Structure formats: C-alpha cells, structure tokens
Amino acid sequence: MKRMKALLCMLLLLLTGCGGGLGSTESRSMLEQEATAAIETAATEELPEGAITDVSGSFVYTGKLEQIGDDDNGYIQVPLGWMEFHEEGVEGMVQYSDATGKNIVTLEHYEGIDYQSAAENMRYYLSENQKIEGLTGSTTTIGGYDALQLYCHYADGYFLVIWFAQDPADAASSYYIAMEFDNDHQYVVACSSTFQSTEDYHAQNG
C-alpha cells in the first residue's frame, strides 16, 4: 500500500510540473523511441468460455468479474469480491484491492495531460527509484485505446504494470490504469482488456 501511495503522490507532482520530469517534445517521445516491438496478438489457443485475456494473450482470468469505476476516471472490471478502498492522503481516483489489500487496481484521469507526457514523467520517476527493477516500456493498446505501458517489479517480489491511454474524447488528456500484484495474482492483468473510457462506457451501457 505504501508503494502505491508514494507512486501516486510523486506522479501528481511530476504532472503538475513540480517534480522535474522530462518535458520537451524530444524527451516525451523517448518512451516510444525505446519501445519494444508491438505486443503479439492474443494466443491462438482457444480460451475457456467466459475467460478474458490481455492484449498479449499472456494473462488469462476465468473467474467472475465486477464493474468498477466512475465518470471521472473511467471504468474497468476486476475479480468479483475485490473491495473499494481509499488510501490516506490520496484522493480523486478509483482504487480496488483483494482481501489482502496488497493486490491493487487504480484508475485516474488527467485533464490536459497527454498520455505520452504522463508516461514519460512516470518512466523518469520509476527509473530514479532504487527499489524498482526491470523497468521496461512499450507501445500497446488497452481496451482498444492507444496506450503506453510501463512494467517493473519491486525488490520484495511485487509487480507493477501501468498504462497511460489516450482519452478518445480529448487527445490532450489521458487515463492512468495501474495494477500492482504478487506472483499469485498475475491473472489480474487480463482485466486490462475490459477498460473503457467514460464516453465509451456510457455509449455501450446507455
């Protein structure tokens, strides 16, 4: 929990220009220039009925799901039984965790901050964190939206995957989707395929 709180607080500082992130057009595109090749299409093996998978096909979830999110931060589905929580000192976002409080999904929306800038600022912050290992970035999609992905793990064994997706209603704004999980909960990455912007969620659900 402390990891996610520190991460979110630092990101807010970086995005508001107080944290010394990389802000030039050249540095904003650095993540894309260094990105790995496009993620492979979903695995050809047939999935069990009702299963979901991420865009790479590497993570599969076969259990029941529940919808979370709001009009400020977008929508996503998470495993049934995950619970809403609010970290002290962190406001304005949607966060859910499993019963342990250690496996976490977070949604947030950044008005007036494009997804390339948001991703590059986070990349800079994570690269300076000595507790972070194996930081990689790639261009991808999440729920069909253009996105940049950051992946890393902590020295204590927890993994972190973050997506910054372009807001289809405003290219100058972006969505932040983060998943922090241990080795036994990697399947939560499959839930990334259910992400929807606020506009598209209401277009589909009325």
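We did not get these values from a lab; they are worked out from the coordinates using the rules stated. Please read these numbers as outputs of a predicted model, since none were measured by experiment. Cβ coordinates were reconstructed from backbone atoms using ideal geometry, including for glycine residues, and neighbour counts include every protein chain displayed.
Separation of segment 166-206 and segment 82-99 by C-alpha centroid, Å?
Cα centroid to Cα centroid, the span is 16 Å.
Counting other C-beta atoms within 10 Å, which of PHE85, PHE195 has the fewest, and how do the rest follow?
PHE85, PHE195
Give the share of C-alpha pairs in each 5 angstrom bin for segment 105-153, from 0 to the last occupied bin, in whole percents, shortest bins first.
Over segment 105-153, the share of Cα pairs per 5 Å bin runs 5, 17, 27, 28, 16, 7, 1 percent.
Arrange the peptides 114-125, 55-66 so that the one whose residues have, on average, the most other Cβ atoms within 10 Å appears first.
114-125, 55-66
To the nearest 20 Debye, how big is the dipole of segment 106-153 about its Cα centre, given +1 on the beta carbon of each Lys and Arg and -1 on that of each Asp and Glu?
Around 180 debye, computed over segment 106-153.
If we count other beta carbons within 10 Å of each Cβ, what is the order of GLU88, GLU128, GLU180, GLU199, fewest first?
The most exposed by this proxy come first: GLU88, GLU128, GLU199, GLU180.
Which of SER192, SER173 comes first, and how do the rest follow, when ranked by fewest Cβ neighbours within 10 Å?
SER173, SER192
Around GLY143, under 11 Å between beta carbons, what's the net of Lys plus Arg minus Asp minus Glu among the other residues?
-3
Using just the Cα positions, wrap segment 79-126 in a convex hull and report its mean projected area in square nanometres, one decimal place.
4.5
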